[in-house]
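Let me begin by presenting the structure, written as structure tokens, before commenting on it.
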Amino acid sequence: MSANRKLKLGVLASGGGTNLQSIIDQCQQQKIDAEIVLVLCNNPAAGALQRAENADIPSLCINHRDFHDRQSFDQKVVAALQEAGVELVVLAGFMRIISEVFVDAFPQRIINIHPALLPAFPGLHVQKKALEYGARFAGCTVHFVDTGVDTGPIIMQAVVPVLDDDTVETLSARILQQEHQIYPKAIQLIAEERVSIVGRRVHINSAAAPETALINPPL
Ligand code: GRF
């Protein structure tokens, strides 16, 4: 991405939106070369809508309850994202499984954050599951989204310890702190066009490599 060009993000959320807030803050502080062009929620009561309004970011609520199937809801969401010129779809606590209609409209351009170290503990209530399992470490994962549940190629992970006196709340808070760190970092890597997918693996290219290749082209 060239110097002044900003990657256009569409952030989808269903709840409080602390991950959204960390992305808003990093964009405002120009720590990432991105701008949020649309915040989209499926839940009219989502705190994320208020956060968007506070930051003067266009927002939209499309209530999934108004649609009789997943595909027609997804079509409406895709149309709104396309109309806003979204280049990267950022799922931030978006509690809907997305269909092929959505994935095909943004190939390799949808990312999600999950509060566990995938592939362990996909799905819901994963902090509780990690505690109950007796895992010594937990964490979070930023990954590309495919049509499975939390199955897409992994971009970045952060690890936190599970402490003896942890409750679901204390462990979730420790994980969330890391989420707020790695999600903007992963977005920045994508903005810098340093991320590529090879099979299931995500390669992060070093920042200097493209210039080196240009200065010394193979003869
Ligand atoms: C986060 O734990 C995220 O990993 C999960 O949903 C939660 C959203 O939290 N997908 P918030 O709405 O960003 O505060």
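The values are calculated or read from the model by the stated rules, or taken from the named source; none is laboratory data. Given the structure is predicted, the values throughout are model-derived calculations rather than measurements. We place every Cβ from the backbone using ideal geometry, glycine too, and count neighbours over all the protein chains shown. Only protein heavy atoms, including side chains, enter the accessible area calculation; ligands, DNA and RNA are left aside. Shrake-Rupley method; radii C 1.70, N 1.55, O 1.52, S 1.80 Å.
Before moving on, here are some points about what is shown:
- From the options PRO44, PRO58, residue that is within 16 Å of the ligand (Cβ to nearest atom) and open to solvent by 70 Å² or more (accessible area, probe 1.4 Å): PRO44
Quick grid of which residues meet (1) assigned to a helix (DSSP H, G or I); (2) in the same structural domain as ILE190 (by TED's automatic domain parsing); (3) small (Gly, Ala, Ser):
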site: GLN26; (1), (2), (3): yes, no, no
site: GLN30; (1), (2), (3): no, no, no
site: LEU38; (1), (2), (3): no, no, no
site: ALA48; (1), (2), (3): yes, no, yes
site: ALA52; (1), (2), (3): yes, no, yes
site: LEU60; (1), (2), (3): no, no, no
site: ARG65; (1), (2), (3): yes, no, no
site: PHE73; (1), (2), (3): yes, no, no
site: LYS76; (1), (2), (3): yes, no, no
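- Number of the exception - GLN127 against (1) crowded, with 17+ Cβ neighbours inside 10 Å; (2) not in a helix (DSSP H, G or I): (2)
- Residue pairs meeting the criteria (Cβ under 9 Å; at least 6 apart or on separate chains; first under 16 Å from GLY152 (Cα atoms), in the stretch 119-133; second open to solvent by less than 100 Å² (accessible area, probe 1.4 Å) and in a helix (DSSP H, G or I)): ALA120/VAL126; ALA120/LYS129; ALA120/ALA130; PHE121/GLN127; PHE121/LYS129; PHE121/ALA130; GLY123/LYS129
- Search result, residues across the stretch 136-164 that are surrounded by 14 or more Cβ atoms within 10 Å (Cβ to Cβ) and more than 29 Å from VAL198 (Cβ to Cβ): VAL162
- Any hit, the stretch 85-97, residues being over 21 Å from LEU176 (Cα atoms) and over 17 Å from the mean Cα position of the chain (by Cα): yes
- GLU87 touching a strand residue (DSSP E or B) at 6+ places or on another chain (Cβ under 7 Å) and acidic (Asp, Glu): yes
- Test: THR167 is in the same structural domain as PRO119 (by TED's automatic domain parsing), among the β-branched types (Val, Ile, Thr) and surrounded by 13 or more Cβ atoms within 10 Å (Cβ to Cβ): no
- When the stretch 78-109 is filtered for residues that are touching a Leu at 6+ places or on another chain (Cβ under 9 Å), farther than 21 Å from ASP150 by Cα and either within 16 Å of the ligand (Cβ to nearest atom) or assigned to a helix (DSSP H, G or I) (or both), the ones remaining, listed by number, are ALA80, LEU81, GLU83.
- Members of the stretch 1-41 that are modelled with pLDDT of 95 or more, more than 10 Å from the ligand (Cβ to nearest atom) and surrounded by fewer than 18 Cβ atoms within 10 Å (Cβ to Cβ): LYS6, LYS8, ASP25, GLN28, GLN29, GLN30, LYS31, GLU35
Every residue, every condition in (1) part of a loop (DSSP other than H, G, I, E, B); (2) at pLDDT 95 or above; (3) within 29 Å of CYS27 (Cβ to Cβ); (4) not assigned by TED's automatic domain parsing to the domain that holds LEU9, yes or no:
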residue	(1), (2), (3), (4)
ALA116	yes, yes, yes, yes
ASP150	yes, yes, yes, yes
VAL160	no, yes, yes, yes
SER172	no, yes, yes, yes
GLU179	no, yes, yes, yes
HIS203	no, yes, yes, yes
PRO218	yes, no, no, yes
